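This report refers to the structure that appears directly beneath it.
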There are 2 protein chains.
Amino acid sequence: MSRWEPDALGRLQAAAIELYAEHGYEQTTVAEIAARAGLTERTYFRHFADKREVLFHGSEMLQEALVTALEEAPAGESPLDAIGYGLRRLGPFFDERRPQSLRRHAIIRSSHELQEREMLKRSSLVAALTPVLERRGVEPDVARLAAESGISVFHLAYESWVADQRGRGYAEHVDETLASLRALAAAPAAASLR
Amino acid sequence: MSRWEPDALGRLQAAAIELYAEHGYEQTTVAEIAARAGLTERTYFRHFADKREVLFHGSEMLQEALVTALEEAPAGESPLDAIGYGLRRLGPFFDERRPQSLRRHAIIRSSHELQEREMLKRSSLVAALTPVLERRGVEPDVARLAAESGISVFHLAYESWVADQRGRGYAEHVDETLASLRALAAAPAAASLR
């Protein structure tokens, strides 16, 4: 095998998702993933610490993309609007990878261990967004609450995008979920206007 | 040792928190916890699966208490108000146990493994509250979002209660955090009124 391995990382990810979908996550070994990708186990472990991590490399890229997008949100926007801006910017990332995203989502749902890992990634997203909001001048407690709410929106918009049969983009699901959150929080104020 | 072990569970919890606080979570063994409580390791394992679980028995009781309180919230209240009602009802549970809660909180923060466990308990709270809201007639997507938001409030109110030097009760921190969430979600509406 050549030592030159173009896009080894992408090939390993694609091979892992194929095998996990075909034979199940528990039943698949790193050796099988490497073989399907035409690479060695040694190459696998140069990129990923274990069987799980190959599914979460995208989450790290996503976190970076979300932090960057939030940093670029227009200065005058409220914390939640800035988060909405950041989340909508993730739209193309998800929409372009829809088939892989759906397969990955089904694999994650199949394993308790993977679901746990996914939830922990969520809390790392909250930790990454909070200081970005603080740098926008948001008070620390509010920044934390806004980051928590933003990640709830991120997550629930993702689930409704996965379930969407009508092919609407991720950004549209973000807008809907944000609107639900606003309606939820506004409920008593609306009642008092009656 | 007598086979009659009054409040073995409570004695094991108190002994574990003492030892984890004195010597650190990693350094303490189940044998030491059992010895400090005047019980056997066998008794320990009748109550808790491992070293970690002794710190999380309270979370399960709490989840039950929160589900019950939410079920008892007045029928006409909005989802977020019902959650506020449920969370405020946890006030005495926390306030009466403040010294243990603060010690437990410091122990959890000392260990990555314990923090992970705490985060997973959070998602189990969301899963427990969602169907209760649905039974109140809340539409499933909104119920899930309300449960997510409610658990963010639960968690952030708890952190600000822990940090509170002025001795205000947990319920007061719930009210403050809920008010922050409403202000956050209302921000653009307020801006449009200018």
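Think of each Lys and Arg Cβ as +1 and each Asp and Glu Cβ as -1; about the Cα centre, that makes the dipole of the protein assembly as shown roughly 100 debye. Within straight-line reach of B:Lys121, meaning a Cα separation under 18 Å, sit the following aspartates and glutamates at least 8 residues removed in sequence or on another chain: A:Glu113, A:Glu116, A:Glu118, A:Glu148, B:Asp50, B:Glu53, B:Glu60, B:Glu64, B:Glu113, B:Glu148, B:Glu159. In nanometres and ascending order, the distances from the A:Ala49 label point to those of the other copies are 2.2 (point 7 Å from Cα along Cα→Cβ). Using the empirical formula 2.2 N^0.38 Å as the baseline, the Cα radius of gyration of the protein assembly as shown reaches a ratio of 1.10.
Add +1 for every Lys or Arg and -1 for every Asp or Glu among the other residues with Cβ under 13 Å from the Cβ of B:Arg117, and state the total.
-1
Computed from Cα positions, the angle between helix A:98-109 and the longest principal axis of chain A comes to roughly 90 degrees. The HN-Hα couplings worked out from phi for region B:49-58 by the Karplus form 6.51 cos²θ - 1.76 cosθ + 1.60 (θ = phi - 60°) are 6, 7, 5, 7, 4, 4, 7, 10, 4, x Hz, whole numbers, x standing for Gly and Pro. What is the angle, in °, between the Cα long axis of helix A:79-89 and the longest principal axis of the Cα atoms in chain A? Nearest 10 is fine, range 0 to 90. Tilt relative to chain A: about 40 degrees.
Computed from phi, the 3J(HN,Hα) profile of region A:172-178 under the Karplus parametrisation 6.51, -1.76, 1.60 (θ = phi - 60°) reads 5, 5, 4, 4, 4, 5, 4 Hz, with x in place of Gly and Pro.
Remark: label point of A:Val30 defined 7 Å out from Cα along the Cα-Cβ vector; separations to the same position in other copies 2.9 nm, ascending. Ranking B:Ala35, B:Phe45, B:Ile17 by how far each Cα lies toward the positive end of the dipole of region B:8-47 (charges on Cβ) leaves B:Phe45 at the top. Where chain B is rotated onto chain A, the residue of B whose Cβ comes nearest the axis, and that gap in whole Å, is B:Ala185, 2. Per Stokes-Einstein, at 20 °C and 1.002 mPa s, what whole-number D in µm² s⁻¹ belongs to chain B, with the Kirkwood radius over Cα pairs as the hydrodynamic radius? Taking Rh from Cα pairs, D becomes 117 µm²/s.
Report the Cα centroid-to-centroid distance between region A:135-175 and region A:65-100 in angstrom, as an integer. The two parts, judged by their Cα centres, are 9 Å apart. Neighbour counting of Cβ atoms within 10 Å sorts the residues A:Ile151, B:Ile17, B:Ile83, fewest neighbours leading, into B:Ile17, A:Ile151, B:Ile83. The HN-Hα couplings worked out from phi for region B:129-142 by the Karplus form 6.51 cos²θ - 1.76 cosθ + 1.60 (θ = phi - 60°) are 7, 3, x, 5, 5, 4, 5, 7, x, 7, 4, x, 4, 5 Hz, whole numbers, x standing for Gly and Pro.
Where a number appears in this text, it was derived from the coordinates with a stated rule and is not lab data. Everything numeric here is computed off the predicted structure, so don't read it as measured data. Note that we place each Cβ from the backbone using ideal geometry, even for glycine, and neighbour counts take in every protein chain shown.
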